[in-house]
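To start, the structure itself, in structure tokens.
Since every read-out is calculated from the coordinates, none of them should be taken as a lab result. This is a predicted model, so every value here is computed, not measured. A quick note on method: Cβ atoms are made from the backbone with ideal geometry, for glycine too, and the neighbour counts reach across all protein chains shown.
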Amino acid sequence: MDIQADIKWINKELKKVKDPTLIEAFKNILKYRINVSKPQRISVEQYNKEIDEAVERVENGEFYTQEEAEKIMNQW
């Protein structure tokens, strides 16, 4: 496995991405990686804020249906 080649390929592919939801997913993956390597507890207030934000996104229709998610996944 050539890590540098993989990183180069990922960088090249990321430059092509125009879907803001996909970008957000990548950001969350990278944030998760950081959080896993340095586990930190969040406050109840922060937890509730994140839940409220997630509910708001769903209420605003900012989500994919199962069918849409499968179509996107099949394009990978």
Next on the checklist: Charges on Cβ only, +1 for Lys and Arg, -1 for Asp and Glu, centred on the Cα centroid of the chain; of TYR64, GLN4, GLN40, which one is farthest towards the dipole's positive end?
Outcome noted: GLN4
Checklist outcome for this item: With +1 at each Lys and Arg Cβ and -1 at each Asp and Glu Cβ, the charge dipole magnitude of the chain around its Cα centre, to the nearest 20 debye, comes out at 580 debye
Checklist entry - Taking R0 as 25 Å, what's the FRET efficiency between GLN46 and LEU22 from their Cβ-Cβ distance, rounded to 0.05? => result 0.50
Checklist entry - Is it possible to state the helix-based mean residue ellipticity at 222 nm for the chain, with each DSSP H run of 4+ residues giving -39500 (n - 2.57), the sum divided by total residues, to the nearest 500 deg cm²/dmol? What is it? => result -23000 deg cm²/dmol
